[in-house]
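Following: one structure in structure tokens, then a few remarks.
The values are calculated or read from the model by the stated rules, or taken from the named source; none is laboratory data. Computed from a predicted model, the values in this text were never measured in an experiment. Don't worry about glycine lacking a Cβ; one is built from the backbone with ideal geometry, like all the others, and counts go over all protein chains shown. All accessible areas refer to the heavy atoms of the entire protein, side chains included, with ligands and DNA or RNA removed. Shrake-Rupley method; radii C 1.70, N 1.55, O 1.52, S 1.80 Å.
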Amino acid sequence: MSHKISEIAAALGAEAEGDLELRVTGAAEPQAAGPDQLALAMDPRYADGIAKGQAQAAVLWPGADWRGLGLKAAIFAPRGRLAMAGLTRMMDPGPDIAPGVHPMSVVDPSAQIGAGAAIAPFVTIGRDVVIGANARVAAHVSIAEGARIGADAVIFQGARIGARVTIGDRFTCQPGAVIGSDGFSFVTPEKSGVEEIRETLGTRAEIVQQSWTRIHSLGAVTIGDDVEIGANACIDRGTIRDTQIGSGTKLDNLVHVGHNVQVGKDCLLCGQVGIAGSAKIGNRVVLAGQVGVNDNIFVGDDVIAGGGTKIFTNAPAGRVLLGYPAVKMETHVEIQKALRRLPRLAAKVSALDRGAED
Amino acid sequence: MSHKISEIAAALGAEAEGDLELRVTGAAEPQAAGPDQLALAMDPRYADGIAKGQAQAAVLWPGADWRGLGLKAAIFAPRGRLAMAGLTRMMDPGPDIAPGVHPMSVVDPSAQIGAGAAIAPFVTIGRDVVIGANARVAAHVSIAEGARIGADAVIFQGARIGARVTIGDRFTCQPGAVIGSDGFSFVTPEKSGVEEIRETLGTRAEIVQQSWTRIHSLGAVTIGDDVEIGANACIDRGTIRDTQIGSGTKLDNLVHVGHNVQVGKDCLLCGQVGIAGSAKIGNRVVLAGQVGVNDNIFVGDDVIAGGGTKIFTNAPAGRVLLGYPAVKMETHVEIQKALRRLPRLAAKVSALDRGAED
Amino acid sequence: MSHKISEIAAALGAEAEGDLELRVTGAAEPQAAGPDQLALAMDPRYADGIAKGQAQAAVLWPGADWRGLGLKAAIFAPRGRLAMAGLTRMMDPGPDIAPGVHPMSVVDPSAQIGAGAAIAPFVTIGRDVVIGANARVAAHVSIAEGARIGADAVIFQGARIGARVTIGDRFTCQPGAVIGSDGFSFVTPEKSGVEEIRETLGTRAEIVQQSWTRIHSLGAVTIGDDVEIGANACIDRGTIRDTQIGSGTKLDNLVHVGHNVQVGKDCLLCGQVGIAGSAKIGNRVVLAGQVGVNDNIFVGDDVIAGGGTKIFTNAPAGRVLLGYPAVKMETHVEIQKALRRLPRLAAKVSALDRGAED
């Protein structure tokens, strides 16, 4: 598949100059680009690479001298990463799944699958499942009884959609993701040690030997539109009501979302983030890799937490967090500076102490 | 399926009042409950919700005025979460798997599957596998050669039970869990940098370029009764002897248990906990989300570790831990307080220092 | 299957004494060894176990008095763990997969599968896939269009090899691993809050409500020879060029490798390590469990990072790191000591302060 420079520019809503009829078959970094590939050099520091590669056309920063760079055509991208979104979308072939339902799949007769679906081998689709138009479901996916998925879903290999889960339109699910596992909720006959130390902040009276009884999950998971779930990520079902993921929110690989959690709209939960049960995450929250959120707390709208932050208490809207335990990013920076100076501080105090004794 | 109030109360061993013949079809939060649903309001702060919803019956805190709340019947739960266990168990429909072995499964003729089994499509069961009575095995599960699983197992979609793994009765396995992956164990021809810095606490002599040779895992995994393993959790097999998980222990999603690890009875390992190779965890240990345990150490009975705690050294029985590195919870709280005051302390020392120079 | 003592010694390149014709069927810890098992006692502290067990032969430390230990034969291992590598390799039966392609698999006619392959049930192999000789592919594995895998691969249950992924010889892939999920890369129309706080180190002007647009991943993943990927680990494809894993590198369970990341040769990434997008990891780097690496930084050759270390900035070659944020291991130890003394330091300053006021 090839694209004209004019077509790409139109798709990006960007200006183009030179031979607009020139065709490219793909995109590449400037130094690696072949003669039929579009070089991506949205920043002047990538200019050198163009001479090293063989590209005849490139996406460049605004005002770049494309003729001087030896190119036949150029597209100008005022915000490079945004241009990348349009460009990569245009060139992504998507998963290779034959149209229709593969004969080595098991689809319950009561399931409703929208027009234009492509269902790969070894897929199971349970009783009363409803899937919207144009679904692409890759090999080994299971979609359990009563699940409902909107239009234009792309579900990759081995993803697990649990019973009674509800998902909006334009859903993207990476391989191995599990949506609708049971919540991790157990109770002891008498008060447990965990309940005790939460009240006492760490002190325990007599330790009683007890076993755990399971609280089953009767709720499911409700997911909005335009949501993406990463590879091997897990979202537990709610105990009574559904666990919720708002529209526009994206989860990266290996993210864990506990039972009853509510995640708002347009959030990013990066790799290996963990949200404990019944936490509430606002809208547009960004949690960097390996962040942890305690159970039963809230994280306000627009909070941003840096990598590895462990959030134990409610976080007000707009706060920028870092550290274990989480503090304001500027406080974290101050504390770290003070820590580096701590040995010197101790030495000074010793000296003063000796002086005071003189 | 519907249940009489009297049946539910009997199942919970709880008192009930009002119209005990009233039937409910499910449970809901008070404000969301429909007229045929049982409202769950085990705490007075949920009382307001009952008026907002349409429930005619509720589970209430002891002594609640159910008539005043406009209800026709009430069940009284002295320990609300314990009532939840009985109630949700009663109402959980479980996975929808047809009885018998689905024709699109591959079951080795030497495998023994107990009476009452339900085996879904695309399941593989290997040579000499033994599975107890009433097993429910969902789609895409693999159970490899020589594995033995007790009675009443529920194994969800895509779980992987490895060769020669032994599991007790009433096993629950969430989707995508892997039990019996190979241990992560490699050795270099000469002493490695890791071995060196463990001896020197961080100092390295000459760095030698070496490659890793694999130590294969000849052991398997042995799991007791009443164990639950979370979605996409992983348990490695032992090198020579089996990795062990004691009866009554529950693992949450994405937990990692390394080779040769021994976990005791009635433990809770919450989301994304990681236990490195050959660590030994006692009984009734609770590790909150994202806790890490170093290799080759022990964590004593009844230890509780808060979220994100990194345990590097042996932890005595009954200890409550927090922090990176783990310290007693009360020490952690003290250190955090002192850290917040550190900039002020430094300023005071500077002032004293200036005074001393006067 | 049984092995003569002489055969085992030859395979290990080790000395042996006693009845070299004696046969053993497996290996065991000394106290658990049966009469036909080889006891593993490479260290004098395991000597006592031999008397408790029934082994007639053992692997012992150099110079051990095997006759005095009541044995009929002994193999001497100067570096015990290295002997374990050879021994366990010899005794590992590997996964039980029948030769040839199972009829309940779906292999595209254009795929090329090398001689000696064993392909289990419910495997899918896509268009134009190339797999080298002697591949063993377990149940439920998906290998998507255009993937290329070298000779002697062992791929366990339910692993997902994505489209256009390239892998070298002697590849080992544990169950549920995902190689070639899409990168987690999103962009907002205007500058996002994350971009802003990276420039300002935490300060935000006006918060703008924006949604995320997806940058698709056109690159794939390139993996060298002798690589092992752990259970449920995830490696994202690159945006334009491939994400790269060098020869000899081993990834443990639940490791996350983001898009565009380059990992060098002979590295060990232990359980639950996370590498954010576009980070570059050198050769022979060892990252212990739960380590995190920030996006777009480099970690130099031979770096070793202890458990839970969070690396936010470039790390020079050979550095030994610990802590959140990562510092030199010796600095971390100093800071921790100072922290323990901090309450006492504060008390001393208060006393000096009172003295100064007198």
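Once amide H atoms are built 1.01 Å from N in the peptide plane, which residues 5 or more positions from B:Y324, or in another chain, come under 5 Å H to H?
Amide H to amide H, under 5 Å and 5 or more residues apart or across chains, B:Y324 pairs with B:K310.
Could you calculate the FRET efficiency of B:D353 with B:D92 from 1/(1 + (r/R0)^6), where r is the beta carbon distance between them and R0 is 60 Å, rounded to 0.05? Please report the intermediate quantities before stating the final value.
Values: r = 67 Å, r/R0 = 1.12.
Taking R0 as 60 Å, the efficiency between B:D353 and B:D92 is 0.35.
Starting from the coordinates of the alpha-carbon atoms of segment B:3-91, obtain the Kirkwood hydrodynamic radius over all distinct pairs and give the value in Å to one decimal.
On the way: mean 1/r = 0.0819 Å⁻¹.
Roughly 12.2 Å, rounded to one decimal.
Under the convention of a label 7 Å out along Cα→Cβ, give the distances in nm from C:A351 to the same position in every other copy, shortest first.
Copy-to-copy label distances for C:A351: 2.0, 2.0 nm.
Under unit Cβ charges (Lys, Arg +1; Asp, Glu -1), what dipole magnitude, rounded to 20 debye, does the protein assembly as shown have relative to its Cα centre?
Working: 102 positive and 114 negative charges, 267 e Å.
The dipole of the protein assembly as shown has a size of about 1280 debye.
To check my understanding: the extent here is largest minus smallest coordinate of the Cα atoms along each principal axis. What are those three numbers for the protein assembly as shown, in Å, largest first?
Its Cα atoms span 92, 87, 82 Å along the three principal axes.
For every helix of n ≥ 4 consecutive DSSP H residues, a contribution of -39,500 (n - 2.57) applies; sum these over chain C, divide by its total residues, and give [θ] at 222 nm rounded to the nearest 500 deg cm²/dmol. Mind showing how you got there, number by number?
Working: 5 runs with 63 residues, N = 358.
Here the helix-only value at 222 nm equals -5500 deg cm²/dmol.
What is the set of long-range amide H partners of A:G264 at a cut-off below 5 Å, with H atoms built 1.01 Å from backbone N?
The answer is A:G246, A:I281, A:G282.
If you average the sequence gap of Cα pairs under 8 Å that are 6 or more apart and divide by the length of chain A, what percent do you get for the contact order? The partial results should precede the final answer.
On the way: 973 pairs, mean separation 23.0, N = 358.
Result for chain A is 6 percent.
What does the charge count around A:G132 come to, taking other residues whose C-beta lies under 14 Å from its C-beta (Lys +1, Arg +1, Asp -1, Glu -1)? Let's see the in-between values first.
Details: positive: A:R136, A:R148, A:R170; negative: A:D152, A:D169, A:D225, A:D226.
Charge balance near A:G132 sits at -1.
Could you calculate, for segment A:152-258, the ratio of the Cα radius of gyration to the Kirkwood radius, expressed as Rg to Rh? Walk me through the intermediate numbers first.
Values: Rg = 17.4 Å, Rh = 15.4 Å.
We get a ratio of 1.13 for segment A:152-258.
When Lys and Arg each count +1 and Asp and Glu each count -1, what net charge do the other residues less than 14 Å away from B:I311, Cβ to Cβ, add up to? Please report the intermediate quantities before stating the final value.
Numbers: positive: B:K280, B:K310, B:R319, B:K328; negative: B:D295.
So the environment of B:I311 carries a net charge of +3.
Tell me the GluC sites (Glu not before Pro) within segment C:271-358 that lie in a loop according to DSSP and have at most 11 other beta-carbon atoms within 10 Å.
On the way: sites: C:E330, C:E334, C:E357; in loops: none.
Hits after loop and neighbour filter: nothing returned.
Give, as a single signed number, the net charge of other residues whose beta carbon lies under 15 Å from the beta carbon of A:W66, with Lys and Arg counted +1 and Asp and Glu -1.
Numbers: positive: A:R67, A:K72; negative: A:E15, A:E17, A:D19, A:D43, A:D48, A:D65.
Combined, the nearby Lys, Arg, Asp and Glu give -4.
So if I restrict to the alpha-carbon atoms in segment A:161-213, what is the Rg, and what is Dmax, the biggest pairwise distance, in Å?
Just the Cα atoms of segment A:161-213 yield Rg and Dmax of 18.7, 54 Å.
Taking a threshold of 26 Å on the Cα-Cα distance, which of the pairs A:K250/A:K337; B:K250/C:K250; A:K310/C:K348; B:K328/C:K348 fall above it? Each step should come with its number before you reach the end.
Values: A:K250/A:K337 34 Å; B:K250/C:K250 29 Å; A:K310/C:K348 32 Å; B:K328/C:K348 24 Å.
Going by Cα-Cα distance, A:K250/A:K337; B:K250/C:K250; A:K310/C:K348 fall outside the 26 Å limit.
Under a plain spin-label model, where a point goes 7 Å from the Cα along Cα-to-Cβ, how far apart in nm are A:Q210 and C:D48?
The modelled label-to-label distance comes out at 3.8 nm.
With the dipole of the protein assembly as shown worked out from charges on the C-beta (+1 for Lys and Arg, -1 for Asp and Glu) around the Cα centre, which of B:Q174, A:I149, B:A326 lies farthest toward the positive end?
It is B:A326.
Given a 1.4 Å probe and the protein chains all in place, what does the accessible area of A:M329 round to, in Å² to the nearest 10?
Counting only protein heavy atoms, the figure is 30 Å².
Based solely on C-alpha atoms, express the radius of gyration and the Dmax of chain B in angstrom.
Answer for chain B, Rg first and Dmax second: 26.7, 93 Å.
Measure out, as a whole number of angstrom, how far apart the alpha-carbon centroids of segment A:95-124 and segment A:243-316 sit.
Distance between centres, Cα-based: 33 Å.
Kindly give the distances from B:K337 to its copy-mates, label point to label point, with each label point 7 Å from Cα along Cα→Cβ, as nm values to one decimal ordered shortest first.
Values, ascending and in nm: 2.6, 2.6.
Just to confirm the numbers: A:T200, label point 7 angstrom along the Cα-Cβ line, distances to the other copies in nm, shortest first?
Label-point separations across copies, in nm and ascending: 4.6, 4.6.
Which value, in Å to one decimal place, does the Kirkwood hydrodynamic radius take for segment C:228-358 when every pair of different Cα atoms is included?
15.9 Å
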